[in-house]
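**Q** I am attaching a structure below and will ask some questions about it afterwards.
The values are calculated or read from the model by the stated rules, or taken from the named source; none is laboratory data. Since we're looking at a predicted model, the values are computed, not measured. Using ideal geometry, Cβ is built from the backbone for each residue, glycine included, and neighbour counts are taken over all protein chains shown. Surface accessibility is based on the protein's heavy atoms, side chains included, excluding ligands, DNA and RNA. Shrake-Rupley method; radii C 1.70, N 1.55, O 1.52, S 1.80 Å.
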There are 2 protein chains.
Amino acid sequence: MVVFAGQGDARRSIALLWRETGAVPARPAPGPKPALSVDAIVDAGIAVADAEGMAALSMRAVGEHLGRTAMALYTYVPGKNELVDLMHDRALAELPTGYDLAPGWRAALTSWAEDTWAFYLRHPWVLQVSQARPVLGPNEYVALETVLRLLFATELPASAVRRIVGTLFHFVRGAARTVAESRLAAATTGVSDEEWWQARSSVLGEVAPEFPHHFPLLVRLETEGAAPATDDEVPHLEREARTTFDVGLTVLLDGIEAAVDRNR
Amino acid sequence: MVVFAGQGDARRSIALLWRETGAVPARPAPGPKPALSVDAIVDAGIAVADAEGMAALSMRAVGEHLGRTAMALYTYVPGKNELVDLMHDRALAELPTGYDLAPGWRAALTSWAEDTWAFYLRHPWVLQVSQARPVLGPNEYVALETVLRLLFATELPASAVRRIVGTLFHFVRGAARTVAESRLAAATTGVSDEEWWQARSSVLGEVAPEFPHHFPLLVRLETEGAAPATDDEVPHLEREARTTFDVGLTVLLDGIEAAVDRNR
DNA sequence: TGACATTACTTTATGGCGTAAGGAGATGCA
DNA sequence: TGCATCTCCTTACGCCATAAAGTAATGTCA
């Protein structure tokens with residue numbers, strides 16, 4: 001599922017995101033006192049999505065988590081899309097902002113990428129929120145401003161910074177997505193990555209026996225390129241993904257460094 | 001929606017993917033002749049997904065496209081997940097394979113990235129198929145072998161190639177995803193990116209008037225870093241995304257080059 | 001105090017989804 | 001001719017988001 005920013009009443013969604021506290025109701029309104037709140041609903045939504053994944057995030061599930069029906073949420077939130085926007089922006093508040101630039105932009109960007117990676121793995125459902133039309137909540141802006149500060153320290157021109165920040169996000173999100181999806185698949189199917197690969201490759205050996213002949217480089221990648229298996233608690237393929245992240249980050253930063261050198 | 005590879009009977013899914021033609025039915029079976037075929041269904045699925053997006057891909061929609069009910073498809077295909085796997089592998093067949101390495105690996109990889117980017121934009125739904133447990137169809141392997149051939153030309157060790165290929169895919173998929181989601185949002189909401197940003201930023205000016213003070217670098221990015229608007233047919237933000245792709249690719253290839261130089 | 005507006009929340013209903021179950025009709029072989 | 005086998009259909013179930021209408025609680029005002 002890809003979730004777009006709420007398309008309904010733009011004014012209302014944005015006001016919700018920025019928690020327009022203005023227009024405080026002077027006199028108390030009639031009717032029963034609200035037992036829920038936007039914050040409580042957003043927290044419940046995050047709890048559900050963290051535990052069961054975005055696919056399991058339904059209005060029913062969130063309502064149930066609060067001892068209410070699905071429809072009760074609509075008193076506080078215009079719809080599911082807007083709820084996801086709010087969840088997204090609330091989650092982003094977790095990201096650190098105060099990176100130290102004294103040891104240089106490269107060290108700072110490395111820390112940023114690692115924190116962001118860890119954040120996505122804590123809240124994998126965030127990866128399903130579309131970046132094309134960003135949620136535009138306050139924390140989204142804070143997160144962007146944070147990484148911009150590190151990138152502007154390279155003294156690259158704004159036009160280059162603009163593109164490189166996109167590239168960094170593509171990379172971190174893509175790398176985290178692989179791990180997130182892998183974990184989700186394991187959780188929902190009860191089959192670990194290792195078991196899955198085992199089953200697949202044995203079937204493949206039957207169905208396509210001429211495989212090694214057609215794909216010699218793939219075989220070479222398997223035999224030469226794989227890290228040795230360890231008896232870690234961390235699943236092997238997850239360590240593999242983490243290594244891909246580290247190596248990819250180095251490549252990217254080397255590329256940025258090349259641009260910086262050219263710019264000097 | 002994120003789609004995982006079919007988790008049902010592994011043997012059957014893989015046999016379908018590799019189109020196990022063996023065990024040809026010697027004598028014609030009784031019963032009506034099949035009017036559909038796996039191929040026809042896969043084509044219809046791709047047609048629906050290309051035109052309306054992954055979210056609109058339902059068994060009912062595919063059936064209707066063929067003048068059948070949804071349930072008719074289940075004679076040919078075990079379920080929706082397996083259909084998506086088949087669509088994925090069929091689509092991948094479009095990718096070119098014979099890149100010329102004579103002008104060097106960098107030029108070849110550039111062509112590869114551009115073709116892959118264009119492919120994802122032709123079939124944006126492919127980006128929703130999870131990479132964590134790949135579909136493992138024949139064309140998936142061909143596509144991998146293709147890019148491996150270009151990367152091994154760098155003479156980097158297999159372990160490095162293994163990680164860099166992941167990084168390249170993360171980048172290309174991420175960049176393409178932005179454009180794909182942007183187009184999808186425009187198509188489903190009827191609001192262009194430009195109109196959307198216009199509406200949002202005017203509301204934002206009301207709700208958060210102190211914005212420029214809090215996010216000076218974002219403002220700088222807008223004013224200094226943006227490409228001038230043109231009266232092209234291509235939407236402005238899409239050109240922006242394409243530029244991000246070009247710049248990001250350069251950065252990545254520079255990074256790979258740095259690794260190659262170190263390895264020499 | 002009683003009438004009434006307002007509010008929180010529930011129930012019910014609509015139209016989507018994937019797919020299980022069972023049935024109808026066509027086909028080929030005995 | 002009977003029967004097994006096959007394609008394809010209808011129906012049904014339990015999910016989903018959410019529209020519409022109802023219920024009960026709370027406040028203000030006459």
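**Q** Please compute the average number of Cβ atoms from other chains found within 10 Å of each residue's Cβ in peptide A:157-164. Intermediate results must be reported in sequence, preceding the final value.
**A** Details: counts 2, 8, 7, 3, 5, 11, 11, 4.
Counting Cβ atoms of other protein chains within 10 Å of each residue's Cβ and averaging gives 6.
**Q** So, one more: If you take the accessible area of A alone, add that of B alone, and subtract the area of the pair, what total do you get in Å², probe 1.4 Å, to the nearest 100?
**A** On the way: alone 15970 and 15930 Å², together 24190 Å².
Summing both sides, the interface buries roughly 7700 Å².
**Q** Return the calculated 222 nm mean residue ellipticity for chain A, to the nearest 500 deg cm²/dmol, obtained by summing -39500 (n - 2.57) across DSSP H runs with n ≥ 4 and dividing by the residue count. Write out the running numbers ahead of the final one.
**A** Working: 11 runs with 165 residues, N = 264.
Taking each H run of at least 4 residues, the total per residue is -20500 deg cm²/dmol.
**Q** What list of ³J(HN,Hα) values in whole Hz, one per residue of the range A:62-70 in order, does the Karplus curve 6.51 cos²θ - 1.76 cosθ + 1.60 (θ = phi - 60°) give from phi, with Gly and Pro shown as x?
**A** Residue by residue, the range A:62-70 yields 5, x, 4, 4, 10, x, 10, 7, 4 Hz.
**Q** Mind giving me the nanometre distance, one decimal, between the label points for A:Glu114 and B:Val234, set 7 Å out from Cα along Cα→Cβ?
**A** 3.8
**Q** Please compute the contact order of chain A in relative form: average sequence separation of alpha-carbon pairs under 8 Å and at least six residues apart, divided by the residue count, as a percent.
**A** Numbers: 192 pairs, mean separation 52.0, N = 264.
Across chain A, relative contact order equals 20 percent.
**Q** What does the net charge come to around A:Ala180 if you take all other residues with beta carbon closer than 11 Å to its beta carbon, with K and R at +1 and D and E at -1? Present the calculation step by step, with values, prior to reporting the outcome.
**A** Values: positive: A:Arg122, A:Arg173, A:Arg177, A:Arg183; negative: A:Glu181, A:Glu238.
Around A:Ala180, the charge tally is +2.
**Q** Between A:Ala56 and B:Met71, what is the label-point separation in nm under the 7 Å Cα-to-beta-carbon projection?
**A** So the label points at B:Met71 and A:Ala56 sit 3.2 nm apart.
**Q** While we're here: What does the C-alpha gyration tensor say about the overall shape of the protein assembly as shown? Classify as rounded when a/c is under 1.5, otherwise prolate if a/b is larger than b/c, or oblate.
**A** Values: a/c = 1.75, a/b = 1.19, b/c = 1.47.
In terms of gyration-tensor shape, oblate.
**Q** So for A:Thr223, B:Thr167, what's the accessible-area order with a 1.4 Å probe, most first?
**A** So, going from the largest accessible area down, we get A:Thr223, B:Thr167.
**Q** Could you sort the residues of the range B:242-264 by number and keep only those whose accessible area is reduced by 50 Å² or more in the all-protein-chain setting relative to the chain alone, 1.4 Å probe?
**A** B:Thr244, B:Val251, B:Asp254
**Q** Only Cα pairs under 8 Å and at least 6 apart count here; give the relative contact order of the range B:10-92 as a rounded whole percent. Display every interim value, and only then the final one.
**A** Working: 51 pairs, mean separation 25.9, N = 83.
Relative contact order comes out at 31 percent.
**Q** Given the options B:Arg177, B:Arg220, B:Arg60, state which has the largest fluctuation in a GNM of chain B using a 10 Å cut-off (strictly under) for Cα springs.
**A** Result: B:Arg220 has the largest fluctuation of those listed.
**Q** Ok, one more. Please give the FRET efficiency for B:Ala47 paired with B:Asp9, using the beta carbon to beta carbon distance and R0 = 22 Å, rounded to the nearest 0.05.
**A** Details: r = 27 Å, r/R0 = 1.22.
Approximately 0.25, to the nearest 0.05.
**Q** Something else now. Would you please give the FRET efficiency between A:Glu64 and A:Arg122, computed as 1/(1 + (r/R0)^6) with r the Cβ-Cβ distance and R0 = 25 Å, to the nearest 0.05?
**A** E(calc), rounded to 0.05, equals 0.60.
**Q** Go through A:Ala55, A:Ser201, A:His214 and say which Cα lies farthest out towards the positive end of the charge dipole of the protein assembly as shown; charges sit on Cβ, +1 for Lys and Arg, -1 for Asp and Glu.
**A** The residue sitting farthest along the positive end of the dipole is A:Ala55.
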